[in-house]
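Novice: To start, I am sharing the structure in question, which I have written as structure tokens.
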Amino acid sequence: MIRLVKPYIAFEDVEDEIREIFSTGIFTKGAYSKLLPAKLSEYTGAQHAFLASSATTALTMCLNLLNIGPGDEVIVSDFSFPASANVVEDLGATTVLADVSLETYNMLPGELLARITPRTKAVIFVDALGNPSGLDEIAALCKDQGIPLIEDAACAFGSSIDGRKIGSVSDLTCFSMHPRKLLTTGEGGAITTNNDDYASTLRIKLNHGANEQGDYVTFGYNYRMPEIACVMGCYQVEKIDVVIKERRQQYAAYAEYLTPLGFVPQSEAENAYSNRQSVVFTVPSGIQRDALVAALKEKQIETTLGTYSLSTTTYYKNKYQEVLPNAHWLQKHTITLPCYQNLPLEEVCRAVEQAVHSL
């Protein structure tokens, strides 16, 4: 089976550091859990960086920081993994889904404006599949409206907009380090911000509510990453630009081969630089995406949908009773193809071509 993704890290890369951790017995709150945030801050250009156990807990922490709760509304991109909206529901607030562009897959500015009400307390913009296109427009709208912008950059580490690395643009940015991500720690996440007040609160909240003097001045959380996970992250930050360059080259090769067959790549704005976290295309007209996924599985090639239209999932459809057309269309017509180091790309492309012609 040609897998959908493989991590860009091997045990040999971090073997010495892991042995060091075992020899010292410091498995948490050690040197690497301090080094990784510093590396994230330096790379992204953000003034502050904090670790979390996942992008989901990072998003939850940001909403908690903004005192989001019952009676509040949070506007969320509709084309995303459910965690982007689940965190809003978990705090008892109302999720307001906003439709996305059929080209970039990201939140449309007009959709955002149409859904702002006096109860809107935050916006969660999702860099769909690592693509930050349109973030600048959404950030400008949020600033104009006085609404905090949380960026769900789970897939977007290493991407940039207007020459600024993701992590330094929005009020709060959340990253994932899941195994499907270009930078993985097995499971893990991070929050970056340039807001000193937010950072002061995060520093306490992420330490069980304790300040630097050890006084528990509020309630807080343990969303820590273990030392071994931090070692993995530290190693990969150093080579992320090389990984992204390779990923973008693979995406371009896919596009060159598949576009003549009718596949349409995810659009990237002129001022955007996507890490191409996931290789996603809309399938040719007349081809059923699920049938193509099944045909490729028979050829031992793992593929899947692009991602989800949250408004069409059972929970959100039943609760809010509004299906957003663009995100719904993308959920039905996008496919994610394999992409990783040493991928037999020509073999995959030939298999896709054969499958298309057979359907």
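The values are calculated or read from the model by the stated rules, or taken from the named source; none is laboratory data. Bear in mind the structure is a predicted one, so any value in this text is a computation, not a measurement. With ideal geometry, Cβ positions are generated from the backbone for all residues, glycine too; neighbour counts draw on all protein chains shown. Ligands, DNA and RNA are stripped out before the accessible areas are found, and what is left, the full protein with its side chains, is counted by its heavy atoms. Shrake-Rupley method; radii C 1.70, N 1.55, O 1.52, S 1.80 Å.
Novice: Exactly one condition in (1) in a helix (DSSP H, G or I); (2) touching a residue at least 40 places away in the same chain (Cβ under 8 Å); (3) farther than 24 Å from Met1 by Cβ is false for Pro260; which is it?
Specialist: With respect to (1) in a helix (DSSP H, G or I); (2) touching a residue at least 40 places away in the same chain (Cβ under 8 Å); (3) farther than 24 Å from Met1 by Cβ, Pro260 is out only on (2).
Novice: Does Asn326 meet the test of being open to solvent by 90 Å² or more (accessible area, probe 1.4 Å) and either under 24 Å from Asp78 (Cα atoms) or not in a helix (DSSP H, G or I) (or both)? Break it down stepwise before answering.
Specialist: Working: open to solvent by 90 Å² or more (accessible area, probe 1.4 Å): no; either under 24 Å from Asp78 (Cα atoms) or not in a helix (DSSP H, G or I) (or both): yes.
So Asn326 fails the test.
Novice: Next question. For Gln249, are the conditions met, namely being open to solvent by 60 Å² or more (accessible area, probe 1.4 Å), at pLDDT 95 or above and under 21 Å from the mean Cα position of the chain (by Cα)? So that I can check it myself, show each step before the final result.
Specialist: Values: open to solvent by 60 Å² or more (accessible area, probe 1.4 Å): yes; at pLDDT 95 or above: yes; under 21 Å from the mean Cα position of the chain (by Cα): yes.
So Gln249 fits the description; yes.
Novice: How about the stretch 101-122: which of its residues are open to solvent by less than 10 Å² (accessible area, probe 1.4 Å) and either without any contact (Cβ under 8 Å) to a residue 40 or more places away in the chain or part of a strand (DSSP E or B) (or both)? Even if it seems obvious, please write down each step before you answer.
Specialist: Here is the first cut: in the stretch 101-122, the ones open to solvent by less than 10 Å² (accessible area, probe 1.4 Å) are 105-107, 112, 122.
Result: Asn106, Met107, Leu112, Ala122.
Novice: Quick check on the stretch 138-160. Is at least one of its residues surrounded by 24 or more Cβ atoms within 10 Å (Cβ to Cβ), touching a Gly at 6+ places or on another chain (Cβ under 7 Å) and more than 30 Å from Glu322 (Cβ to Cβ)?
Specialist: no
Novice: Among Gln331, Gln341, which is the only one that is part of a loop (DSSP other than H, G, I, E, B) and in contact with a helix residue (DSSP H, G or I) (Cβ under 8 Å, 6 or more places away or on another chain)?
Specialist: Values: Gln331 fails: part of a loop (DSSP other than H, G, I, E, B).
Criteria check complete, one pass: Gln341.
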